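A short worksheet on the structure shown next.
What follows is calculated from the coordinates using simple rules that are stated; it is not laboratory data. Values in this document were obtained by computation on a predicted structure and should not be read as measured data. So basically every Cβ, Gly included, is an ideal-geometry build from the backbone, and we count neighbours across all protein chains shown.
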Amino acid sequence: MKTIKTKKEFEAELAAPGGRLALFYSDWCPFCTAFLPAFEKLAHGAPEAAFKVCVDDLGELEDLFSVEVVPTVLYFVEGKLAKRLDGRLGRGLSAEGLSAFCASCAPKGHKK
C-alpha cells in the first residue's frame with residue numbers, strides 16, 4: 001500500500017478512476033498503530049484503491065479535509081470526497097467500523 005509523501009502524489013491518486021480509500025494517520029498515535037493492521041488487511045484485496053497519508057508530513061491535507069482526530073478514513077469518488085469515517089478521540093477506529101464503512105461505500109447492488 002502506498003504512503004503519500006507529497007500533495008502532488010495525493011492529487012495523482014485522486015485523479016485515478018474509481019473509488020479511493022485514504023487513511024489519515026500519525027506515526028506517534030497509538031490508536032493509529034492499533035488500527036493500521038485492519039486498514040492494511042482491507043487494502044490487501046485492492047491495493048491500488050487504498051493509500052495512507054501521514055498528517056505529520058502533510059498537515060495541509062489534514063486542514064483541507066478538516067481531519068480533527070486520527071485515524072480517519074476518507075473515501076473519494078472521481079476525485080471528490082464522498083464519505084468519511086472519523087476517528088474518535090481517545091478511541092480511534094475499529095476493524096468492525098471500517099468494514100461497515102466500506103460496505104456503505106459500495107454502489108447499490110454491488111457486494112464487496
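Past 20 Å, Cα to Cα, is the threshold; run LYS8/LYS83; LYS8/LYS41; LYS7/LYS52; LYS8/LYS80 against it and keep the listed order. Can you show the working numbers first?
Details: LYS8/LYS83 22 Å; LYS8/LYS41 26 Å; LYS7/LYS52 12 Å; LYS8/LYS80 16 Å.
Listed pairs above 20 Å: LYS8/LYS83; LYS8/LYS41.
Using a 4.7 Å Cβ cut-off, which Cys residues in the chain lack a partner cysteine?
Flagged as lacking a Cys partner: CYS54, CYS102, CYS105.
Using modelled backbone amide H atoms (1.01 Å from N, in-plane), which distant-in-sequence or interchain residues come within less than 5 Å of GLY87's amide H?
For GLY87, the qualifying residues are VAL69, THR72, VAL73.
Quick one: length gained pulling ALA103 to THR6 fully straight, 0.36 nm per residue minus the C-alpha distance?
Once the chain is fully extended between ALA103 and THR6, it gains 32.0 nm.
If each DSSP helix of 4+ residues adds -39,500 (n - 2.57) and the sum is divided by the residues in the chain, what number results at 222 nm, nearest 500 deg cm²/dmol?
Values: 4 runs with 41 residues, N = 112.
The helix contribution divided over the chain gives -11000 deg cm²/dmol.
Subtracting the Cα-Cα distance from 0.36 nm times the residue separation, let me have the gained length for TRP28 to ASP86 in nm, one decimal.
Full extension from TRP28 to ASP86 adds 19.1 nm.
Taking a temperature of 4 °C and a viscosity of 1.567 mPa s, what whole-number D in µm²/s does Stokes-Einstein yield for the chain with Rh from Kirkwood over alpha carbon pairs?
93
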